[in-house]
1. Give the residues of segment 201-218 that are in a strand (DSSP E or B), farther than 10 Å from V151 by Cα and in contact with an Asp or Glu (Cβ under 6 Å, 6 or more places away or on another chain), sorted by residue number.
2. Within segment 40-72, how many residues turn out to be within 19 Å of A103 (Cα to Cα) and hydroxyl-bearing (S, T, Y)?
3. Counting only residues that are surrounded by 16 or more Cβ atoms within 10 Å (Cβ to Cβ) and within 17 Å of L135 (Cβ to Cβ), how many does segment 57-80 have?
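Every number in this text was worked out from the coordinates using simple rules, so none of it is lab data. As the structure is a computational prediction, the values presented were derived from the model and not from experiment. No Cβ is skipped: glycine too gets one built from the backbone with ideal geometry, and neighbour counts run over all protein chains shown.
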Amino acid sequence: MSRRGRALAFGLAALFAAASAAALADGYGNSVARGYGELRPVVVAAADLAPRRTIDPNVASTDLEVRRVPVRFLPPGALEAPAQAVGLVPVVAVPAGSYLLAAQLRAPRSRHAPGASLGHGRRPVEIAVSGADALLVSGGQPVGATVDIVVTTEPSSSGKGRTYVAAAAVPLLALGPGADGPGPGGTAAATLGLTRGQALRLIAAESFARQVTILPSR
């Protein structure tokens, strides 16, 4: 066989070996999926997370990573994306290599003691709001900033619903996951410094409004 023929034969053999290896790997992956369930994303701590240290966007991008594991091995409450942890703090130390769970996180504690006066007749009040993800886009920590709370009512039989600012330029004291847990697109629990009138309007809006949205004040 000529040198060119031998080179061609070796090349074809290498391609066959690569194809066989890929088929074996694919078959093994399918076997694992059948035995342990489909693969799901899960957030893992790439570095030690200290308790009471807020997970800001920088920490989320450097100290958290996403892996894919069989659903059978996923612990309850495991986060699927680092963005779900942004703005929260670990209640205990989370060692590197550990899954990050919703139960390990909470909203940062307000600097104001419960029931303490904030001045101008304001008190801490927790409200379920939508749109909290937008506060994190700038990469900063929204707690301590002022926000606007916008209410959108349900349409009535006599006409369309309306949208109005129910509380303008109020201090945001804490921000945490809502009743459906941390995650993009869901509601959040916002602790706001409200006057009595603002608190009554927003508490009522939680019951009748289509949506209560939090927006950064200009």
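1. L215
2. Summing the residues that are within 19 Å of A103 (Cα to Cα) and hydroxyl-bearing (S, T, Y) in segment 40-72 gives 1.
3. So the answer is 3.
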